[in-house]
1. Calculate the spin-label point distance for Arg392 paired with Asn355, positioning each point 7 Å from the Cα along the beta-carbon direction, and give it in nanometres.
2. Along the positive direction of the dipole of the chain (beta-carbon charges: Lys, Arg +1; Asp, Glu -1; about the Cα centre), which of Ala186, Thr166, Leu51 reaches farthest?
3. Rounded, prolate or oblate for segment 1-150? Axes are the square roots of the Cα gyration tensor eigenvalues, ordered a ≥ b ≥ c, and the cut-off for rounded is a/c under 1.5.
4. When the dipole is taken about the Cα centre of the chain, and only Lys, Arg (+1) and Asp, Glu (-1) are charged at their Cβ, what size is it in debye, to the nearest 20?
5. Between beta-carbons, use under 11 Å as the cut-off and find the net charge around Leu206, counting Lys and Arg +1, Asp and Glu -1.
6. Averaged over every viewing direction, what's the projected area of the C-alpha convex hull for the chain? Give it in nm², one decimal, please.
7. Pick from Val27, Val96, Val260: which residue has the top mean-square fluctuation in a GNM of the chain where Cα pairs under 10 Å get a spring?
8. Quick check on segment 151-201: take the gyration tensor over C-alpha atoms, sort the square-rooted eigenvalues as a ≥ b ≥ c, and tell me if it's rounded (a/c under 1.5), prolate or oblate.
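Nothing in this text is a laboratory measurement; each read-out follows from the coordinates by a stated rule. As the structure is a prediction and not an experimental result, all values here were calculated from the model. In this analysis, Cβ positions are derived from the backbone assuming ideal geometry, glycine residues included, and neighbour counts consider all displayed protein chains.
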Amino acid sequence: MKHIIDNIIQQHAEEAAFLWLLRTNAVRAPHYALKDLAKLDERVEAHLDGLRVAGESGWELCKTALGTEENGEVFAASVMTCESGIESRIQAVCDVVQQKPELSAGLISALGWIPFDQVASQAQRLLSAELPLQQMVGLAAYAAHRQDPGPALKDALSSTDLILKTRALKAAGELGKTSLIPAIKAELTAEDLACRYWAAWSGALLREPAAIPVLQRLAESGHFKREQACAMALRRMSIDQAQAWLRSLASSPEMLRLVVQAAGVTGDPANIPWLIQQMSDPVLARVAGESFTMITGIDLAHDDLDTNRPEDFEAGPTENPEDENIELDPDEDLPWPNPQLIEQWWVTHRLPFTNGTRYLLGKPITVDSLHEVLRTGRQRHRIAAAIELAMRQPGTPLFNTNAPGFRQQALLQAR
């Protein structure tokens, strides 16, 4: 009997870790709506409940799983740890994270998963720790809940530890801290690229004009967050400025995918005929379709404007052991657009759209339309809506589209 129970507990631990990994992709997936995320998160919570009911046995299994040095296992163990409040357990998780800092993502996610009133004391303890990595985790926990960490945030902005400083720069934007704009501006020329990016990201969010050219240069230079940098810059530009920059970028063939994505960010229907042309290129087709949807709100699959994958097209790793391409297909979850049908649709439905006006999912961008997207859009649309809202309301925290789905639903219902 004990063997059977142990197997069940083991299954809860493994499923909680696996589903956490699944949700880290889901929060930015093009096919996940909030209701889908909430269902996934309810499954995560159900397995966490199984571990809670198991008590000490559940913790021991999670503690053993920490040895795999994977973020999903750290997440499950951290939830058990943080909810228990037992110091030895907390220290065990912190020791693992300190040895391998990239595992801090699992611990931070756990602190963000549990209601803030249950983790506030632990977040404060981490924030007050001597080790910069623990301070970063504590600061990230406050930011995840959109709670003010007090003077510790300003202190972290002047830290010599780059990981802590970088997280503080991001938190300043997430929390809407307009009072920290001078400190953020000082990092727009930082030698460290991560610091410079997050300073520019938060600066744009807080409507600091000096951030825009920094974001443009990061996007043009091939920074690993070039897509996000490009999108943030565009959202702070006028339509004319945005279109002029896109024309400049489009002159470089290696920038074409970025421009196709950017056309959706600008939301200007004047770009739609060009986007339809790009749908004939298998490499750009799906991302062009996504930008078309971003502007018009049309679901290509639901409205029968999609087609089959081209037979001779390959993206991502193949079964050939000699193939050196191991990168996953970035557009895997996007439908394949049918350019002919979409062009016909556009000829018929073009009239209500006005060139020079910014649209998101078929509606001109307004505060009300953005709130609607937060409630009903898919994750990538919701991320865009949250950023657009924060830019229109300086000093207001950025809505956290990464938070547990059931918590987001409650927050949006209360608004």
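1. It is 2.5 nm.
2. Among Ala186, Thr166, Leu51, the one farthest towards the positive end of the dipole of the chain is Ala186.
3. It comes out oblate by the Cα gyration axes.
4. Roughly 2020 debye, rounded to the nearest 20.
5. Result for the local shell: +2.
6. Averaged projected hull area, Cα only: 22.3 nm².
7. Val96
8. oblate
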